[in-house]
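The values are calculated or read from the model by the stated rules, or taken from the named source; none is laboratory data. Fair warning: this is a prediction, and the values are worked out from it, not measured in the lab. Note that we place each Cβ from the backbone using ideal geometry, even for glycine, and neighbour counts take in every protein chain shown.
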């Protein structure tokens, strides 16, 4: 039998002529509603486990939808190649793009149609079922009758029977699959917590004659074994050789050969579920501990309610523990503590040990040493693959999908706040540090590039925040924020933005990050796209301000900073006179908190995280002064 294929011409319609000799390209998608990876592995599906999975590309798919998604938003995300709440999301864009290219769609489904606008397709090409959806895209639908399993209705009320029927249908598709066929099995939405506790990632399996076994990944996640739901539509278009529209933010998936892929995916699923389940309880415990430590340090230091040396040392230890707590959370994540309380105890113990070690060399130098550890570990982890950040509750969260690669806003703010405050305290106590402004300028410029470079940190808002802080951090003089600092910061922000965007645009489009995608969208659509991005950022910041508990910490910290200074204004002015270099570092971190709130999508989270170092350093100054007086040192050293 002669097969036909449709090829693209250099000009004219996308698919305009036909030629003999090549197999017809097809994409067959099996969609199972609300099933987890663990449930899929335990189902009675011998064909899937024994014949398909050993030679398939497997992974977990993130829904990319926060809050409480409906079936409509889930399917809109899949077929639009963009989160449903994004203003760029175009419902049914996948079907429309295929239809424009002359590639029709056949759908046999059970339950609600997967797209609210599916009625635009011929009604005779659809059959109604209950839970299973089989979507077939093919260049020549006349050669593809629906399989017998998809022609009849499933009446079994039990999911087990439906999965066995699906297993038989998949086996028949595999037996008849031609070289141009791509088969995809996925779950469109995460299981409900009542059926599968804490499971929130969806399985996805790619198989067929030309699919290599291994782990799935994409430029959207850069993590082996993990893809995003926005990658589904670009993957289908890429299989047919079609150009991916600019408003699709996803990327075509690719396969990473890896031995033991099944075990790796199962481990990734457990780790993601555990981290997600512990994230919010631990953030609340973190807020409570930092609020208590800051309040006690304020009483001992600025208000002077306790004068004994032991209380000063205890308050200083609490502040240093707050500063090193991100490292403690990384350690606890690496050890995978099974409960939030065990996680919190492990994190506090590790942070307290680091704080005690730093306090040995004195309060002022201890702050510099503790913050140096934070910067070194986070940046070192970033340069080596972000393994620690991926396991930390403050880091990458594949279930929420806020950050898959690079450095997230929380750790970005932690690094910049720790670096600014630590440099200020180091320069305050070191004459060499006061003269080494050129070395600090070079190091800070490198930090800007590491945070913003798409190949490394991929955090444009973080790079702009660091650039705005640059003049106040690296300038060889000391003192307050002046107008020229702000002007120089704006110039640095413009240069950093141009450098980061240019670095991403130099790469191939399929490998560009969200930074390059946004730049190309602005170039194509102009100010219309810019206003949409601004509106989306404002809406996201508002939702996060009302949703995430980190904003409670930011509100508490900012209020405590204002109250601490207002309660003892004369003391605050004296500290600024005696510790001008340290005060400049605190001013830089405060400016960075404002800039992070403005430049980042979840800016309120970044600003609150950076303010922890502002208030921690502010409260450390009077404690360092007390300790210096007791030891016969000059408070203005």
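Brief remarks follow.
- Residues of region 383-396 classified as more than 9 Å from the chain's Cα centre (by Cα), buried (at least 21 other Cβ atoms within 10 Å of the Cβ), part of a loop (DSSP other than H, G, I, E, B) and on the phi < 0 side of the Ramachandran plot, total: 3
- Pairs where the first residue, in region 487-509, is assigned by TED's automatic domain parsing to the domain that holds residue 447 and the second is at pLDDT below 80 and not in a helix (DSSP H, G or I), C-beta under 9 Å, 6+ apart: 488/475; 504/512; 504/513; 505/512; 507/513
- Residue in region 244-257 that is in contact with a helix residue (DSSP H, G or I) (Cβ under 7 Å, 6 or more places away or on another chain), farther than 23 Å from residue 233 by Cβ and at pLDDT below 90 present: no
- Residue 333 under 29 Å from residue 624 (Cα atoms), in a helix (DSSP H, G or I) and touching a helix residue (DSSP H, G or I) at 6+ places or on another chain (Cβ under 7 Å): no
- Test: residue in region 397-414 that is free of Cβ contacts under 8 Å to residues at least 60 places away in the same chain, assigned to a helix (DSSP H, G or I), buried (at least 24 other Cβ atoms within 10 Å of the Cβ) and in contact with a helix residue (DSSP H, G or I) (Cβ under 8 Å, 6 or more places away or on another chain): no
- So residue 244, is it within 30 Å of residue 325 (Cβ to Cβ) and more than 20 Å from the chain's Cα centre (by Cα): no
- Evaluation of residue 323 against the conditions (1) under 30 Å from residue 94 (Cβ atoms); (2) surrounded by 24 or more Cβ atoms within 10 Å (Cβ to Cβ) shows that the sole unmet condition is (1).
- Given (1) at pLDDT 75 or above; (2) closer than 12 Å to residue 230 by Cβ, number of the condition residue 88 does not satisfy: (1)
- In region 290-318, of all residues being assigned to a loop (DSSP other than H, G, I, E, B) and surrounded by fewer than 16 Cβ atoms within 10 Å (Cβ to Cβ), the one that is modelled with the lowest pLDDT corresponds to 306.
- Here residue 287 passes the criteria (1) surrounded by 22 or more Cβ atoms within 10 Å (Cβ to Cβ); (2) more than 30 Å from residue 184 (Cβ to Cβ) except the one numbered (1).
- Extreme residue, nearest to the chain's Cα centre (by Cα), among residues of region 261-272 that are under 21 Å from residue 397 (Cβ atoms) and surrounded by 20 or more Cβ atoms within 10 Å (Cβ to Cβ): 272
- If only residues of region 170-191 that are modelled with pLDDT of 80 or more and part of a helix (DSSP H, G or I) are counted, the one that is farthest from residue 39 (Cα to Cα) is 175.
- Selected residue [more than 22 Å from residue 279 (Cα to Cα), free of Cβ contacts under 8 Å to residues at least 40 places away in the same chain and either out of contact with any helix residue (DSSP H, G or I) (no Cβ under 8 Å at 6 or more places or on another chain) or in a helix (DSSP H, G or I) (or both)] from 424, 380: 380
- Any hit, region 24-37, residues being at pLDDT 80 or above, in the same structural domain as residue 188 (by TED's automatic domain parsing), closer than 23 Å to residue 221 by Cα and assigned to a helix (DSSP H, G or I): yes
- Of the residues contained in region 249-260, none is found to be buried (at least 23 other Cβ atoms within 10 Å of the Cβ), assigned by TED's automatic domain parsing to the domain that holds residue 43 and over 20 Å from the mean Cα position of the chain (by Cα).
Condition check ((1) outside the structural domain of residue 402 (by TED's automatic domain parsing); (2) surrounded by fewer than 22 Cβ atoms within 10 Å (Cβ to Cβ); (3) modelled with pLDDT of 50 or more; (4) assigned to a loop (DSSP other than H, G, I, E, B)) across all residues:
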site: 10; (1), (2), (3), (4): yes, yes, no, yes
site: 13; (1), (2), (3), (4): yes, yes, no, yes
site: 39; (1), (2), (3), (4): yes, yes, yes, no
site: 53; (1), (2), (3), (4): yes, yes, yes, no
site: 61; (1), (2), (3), (4): yes, no, yes, no
site: 68; (1), (2), (3), (4): yes, yes, yes, yes
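- All positions within region 148-168 that are at pLDDT below 80 and touching a helix residue (DSSP H, G or I) at 6+ places or on another chain (Cβ under 7 Å): 149, 150, 154, 156, 165
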